[in-house]
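Shown next, in structure tokens, is the structure this report addresses.
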Amino acid sequence: RRRPGPLVPPPHPGAANSSTMLDFLSVTVPEGDGQTFVAPDPRSCAAEALDNHRRLGTANTCLCGVPLSEWRRRTRAALSIAEDSILIATGHQPAFIHPGVWAKYVVADRLGRALGGSSVSIVVDSDAPPHLNVVVPTLKAGRTEVQAIRFAEAAGGVPYEGLTRQAPTRLARFRKELGDAMGADFGAAMIGAYLEGMESATASRDWVDQAVEGRRRVDADMGVSLRDVRVSDLAWDPWCAEMLANARRFADAYNGSLGGYRRRSGIHSKNRPMPDLAVAADGVETAMWACRRGEVRRRCYVRESAGKLQLLAQDVVVGEGDVRGVARGGVEVAADAWSRGWRLRPRALALTVWVRLFLADLFIHGVGGAKYDWVSNRIIEEYFQIDPPAMSCVSATVSYRRPSHTVTLDDVRRLRHEMRDLRWNPQRQVPSARLDGDAAAVRAAAVCRGDSLRSDDPGNSVERHAVFARIRELNEVLLRPAEDDLARRRRDLADAEAKHAENRLVCGRDYFFALYGRGSLQRLMDALPALSDFRV
């Protein structure tokens, strides 16, 4: 069934996207499990990928003296991807993703194959995980609760690429802890395939390789195939050198784009959706991280000193280059930082710009990324002076399980309203046979007096407070015959709230996709556009 979806992202302002991003396709997953969202429609996605390929393949805007089209050719050659091949890209952190994120991989695979090309997943191992827990719904004493199973330790600020490989004994313990928490659900879920993939990654470098291999095993079982490329392995040197060599101009484009987004969205905080790059007389922040293995990643700053272009990680000089010949200076700085053991990684917006311009023919976002691409579109327009390439947005909502109870949010709201009305207007709720008529009459007179004071003498706060206190006293008098009813309604409300909270846990959409059964993931795949839908 196809109908307009409720999760429409803000209109995309880029020339190639301004109309298509509004053509939002919603597909209801069978049996009411959730929804999937693809924008623009599948054939427009395919047409825009072909148009991006044509336009970017001849783009002559230069970075470090080399046309963008040539950088695209070199980038693809480094990944053994044919220059004339259509490439669809998506990406995410190597985290415990939910089905809405996994939907991007399904669509990228299908779109790439439909166009006779391929698809790639950018593994954002440069990001820093807040934790490495898998949250599992579990039954305790007949109630659904959630339990966080810790897979590995995550040191604050240390990126994924700094996480060490997990030993077989730790993987076995993780398997057992998940099995104990999930109970009978463990055998039916795809988590077994995921763990088998992790366990088979005997040649893995680190935790990231293990996590990627786990996801790939589930992908393969479900008929999905993408190539995974880690950010730490990307050949993004020319973009890095460009941002170093022209840090101030890039910061102006970056900050101006963020400012426009805030004005458009009514955001007043300069830290949302992300902070501006710091610009001072003696240096400029740039959209990169400086990393050393096992250490907290650091923000990068560029400054000129004694005829040298310097790169600082916080306050430590990590690279220098000749400031003469600006493009060459950026290359020298990056190479010097590398020789000192530092690795430079793009931050979120810089990474998105790189993928969209240097690598992909179409980049597929989730809803959040698509919303923030308003900013990257403006950066592309301001810095590169070209129309931004079209992009796509894919997301999904898939309930983990059917509701345990028939209680709805409307039921909870109704009970809350009835409780409040009984508390503050007992004369409307208590049966007339049990109502204290004299107290009700006095209360009505007090209410009239309060209304009169509010309209005729609003500054008389002393008497207004006295009237309010009198009404509360009379409410208590009127409620005495209904104390049992009030206690029953409290119990009903507490029970409804508990059941509704349990339903929210059971029907949550943010659980790790491998905790779902094959049938649930297959229903999601069936609800997404088919291979034939993308053909033009």
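The values are calculated or read from the model by the stated rules, or taken from the named source; none is laboratory data. Only a predicted model underlies this, so the values are computations on that prediction, with no experimental measurement involved. Cβ sites come from the backbone with ideal geometry, for glycine too, and all protein chains shown count toward neighbours. With ligands, DNA and RNA removed, areas are computed over all heavy atoms of the protein, side chains included. Shrake-Rupley method; radii C 1.70, N 1.55, O 1.52, S 1.80 Å.
So which pairs qualify, if the first residue must be in region 423-434 and among the aromatic types (Phe, Trp, Tyr), the second must be assigned to a helix (DSSP H, G or I) and surrounded by 10 or more Cβ atoms within 10 Å (Cβ to Cβ), the Cβ gap must be under 8 Å, and the two must be at least 6 apart or on different chains?
Within 8 Å, the pairs are Trp424/Asn475.
List the helices (runs of 4 or more DSSP H) inside region 196-289, counting only whole elements, that have at least 1 residues being at pLDDT 95 or above and either of a type in the set (Ser, Thr, Tyr) or touching a His at 6+ places or on another chain (Cβ under 7 Å) (or both).
247-265
Among the residues in region 22-29, are any open to solvent by 40 Å² or more (accessible area, probe 1.4 Å), more than 23 Å from Leu244 (Cβ to Cβ), at pLDDT 90 or above and assigned to a helix (DSSP H, G or I)?
No, because not a single residue in region 22-29 is open to solvent by 40 Å² or more (accessible area, probe 1.4 Å), more than 23 Å from Leu244 (Cβ to Cβ), at pLDDT 90 or above and assigned to a helix (DSSP H, G or I).
Tell me, please, whether a residue that is at negative phi, among the aliphatic types (A, V, I, L, M) and crowded, with 22+ Cβ neighbours inside 10 Å can be found in region 138-159.
No: zero hits.
For region 182-200, check the following and say yes or no: at least one residue is of a type in the set (Phe, Trp, Tyr) and under 30 Å from Val506 (Cα atoms).
yes
Please count how many residues of region 495-517 are at pLDDT 95 or above and open to solvent by 40 Å² or more (accessible area, probe 1.4 Å).
Of the residues in that region, 0 qualify.
Only one residue in Ala334, Ala306 is small (Gly, Ala, Ser) and in contact with a Leu (Cβ under 9 Å, 6 or more places away or on another chain). Which one?
From the options Ala334, Ala306, the qualifying one is Ala334.
Considering every residue within region 266-275, establish whether at least one is in contact (Cβ under 8 Å) with a residue 12 or more places away in the chain and open to solvent by 50 Å² or more (accessible area, probe 1.4 Å).
Looking for residues that are in contact (Cβ under 8 Å) with a residue 12 or more places away in the chain and open to solvent by 50 Å² or more (accessible area, probe 1.4 Å), one finds none in region 266-275, hence no.
For Ser118, indicate whether it is surrounded by fewer than 24 Cβ atoms within 10 Å (Cβ to Cβ) and either farther than 24 Å from Thr352 by Cβ or in contact with a helix residue (DSSP H, G or I) (Cβ under 6 Å, 6 or more places away or on another chain) (or both).
Taking the combined requirement at face value, the residue satisfies it.
Exactly one of these conditions fails for Ala433: (1) modelled with pLDDT under 90; (2) under 42 Å from the mean Cα position of the chain (by Cα); (3) open to solvent by 70 Å² or more (accessible area, probe 1.4 Å). Give me its number.
Evaluating Ala433 over (1) modelled with pLDDT under 90; (2) under 42 Å from the mean Cα position of the chain (by Cα); (3) open to solvent by 70 Å² or more (accessible area, probe 1.4 Å) leaves (2) as the failure.
Looking for something open to solvent by less than 50 Å² (accessible area, probe 1.4 Å) and either within 16 Å of Leu277 (Cα to Cα) or among the hydroxyl-bearing types (Ser, Thr, Tyr) (or both) - is there at least one such residue anywhere in region 327-345?
yes
I need the full set of residues from region 276-288 which are surrounded by fewer than 21 Cβ atoms within 10 Å (Cβ to Cβ) and either touching a residue at least 40 places away in the same chain (Cβ under 8 Å) or of a type in the set (Gly, Ala, Ser) (or both), in order please.
Within region 276-288, Ala278, Ala280, Ala281, Gly283 meet the criteria.
Among the residues of region 406-423, what is the count of those that are part of a loop (DSSP other than H, G, I, E, B) and open to solvent by 80 Å² or more (accessible area, probe 1.4 Å)?
1
Arg230 is checked against (1) closer than 19 Å to Thr90 by Cβ; (2) among the charged types (D, E, K, R); (3) open to solvent by less than 10 Å² (accessible area, probe 1.4 Å) and fails just one. What number does that condition carry?
(3)
Please enumerate the residues belonging to region 497-536 that are under 25 Å from Ala148 (Cα atoms) and of a type in the set (Gly, Ala, Ser).
Those that are under 25 Å from Ala148 (Cα atoms) and of a type in the set (Gly, Ala, Ser): Ala498, Ala501, Gly508, Ala514, Gly517, Gly519, Ser520.
Looking at Ala59, Ala77, Ala46, Ala95, can you tell me which residue is in contact (Cβ under 8 Å) with a residue 24 or more places away in the chain and not in a loop (DSSP other than H, G, I, E, B)?
Just one listed residue meets the conditions, Ala46.
So which of Ala77, Ala103 ends up being open to solvent by 10 Å² or more (accessible area, probe 1.4 Å) and not charged (D, E, K, R)?
None of the others qualify; the one that does is Ala77.
In this structure, is Thr397 within 29 Å of the chain's Cα centre (by Cα) and either more than 30 Å from Ala49 (Cα to Cα) or modelled with pLDDT of 90 or more (or both)?
Considered against the rule, which asks whether it is within 29 Å of the chain's Cα centre (by Cα) and either more than 30 Å from Ala49 (Cα to Cα) or modelled with pLDDT of 90 or more (or both), Thr397 comes out as no.
Taking Leu111, is it within 18 Å of Met222 (Cβ to Cβ), of a type outside the set (Ser, Thr, Tyr) and touching a residue at least 40 places away in the same chain (Cβ under 8 Å)?
Taking the combined requirement at face value, the residue satisfies it.
Each row is one residue, and each column tells you yes or no for (1) open to solvent by 40 Å² or more (accessible area, probe 1.4 Å); (2) in contact with a Leu (Cβ under 6 Å, 6 or more places away or on another chain).
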site: Thr36; (1), (2): no, yes
site: Cys62; (1), (2): yes, no
site: Val66; (1), (2): no, no
site: Pro99; (1), (2): no, yes
site: Leu111; (1), (2): no, no
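Taking Gly294 and the conditions (1) touching a residue at least 40 places away in the same chain (Cβ under 8 Å); (2) surrounded by 13 or more Cβ atoms within 10 Å (Cβ to Cβ); (3) in a loop (DSSP other than H, G, I, E, B), which numbered condition does it fall short on, given that it satisfies the others?
(2)
Of the residues in region 193-227, how many are free of Cβ contacts under 8 Å to residues at least 40 places away in the same chain and buried (at least 19 other Cβ atoms within 10 Å of the Cβ)?
Looking only at that region, the number is 7.
Residues in region 303-317: is at least one in contact (Cβ under 8 Å) with a residue 40 or more places away in the chain and buried (at least 19 other Cβ atoms within 10 Å of the Cβ)?
Yes: region 303-317 contains one or more residues that are in contact (Cβ under 8 Å) with a residue 40 or more places away in the chain and buried (at least 19 other Cβ atoms within 10 Å of the Cβ).
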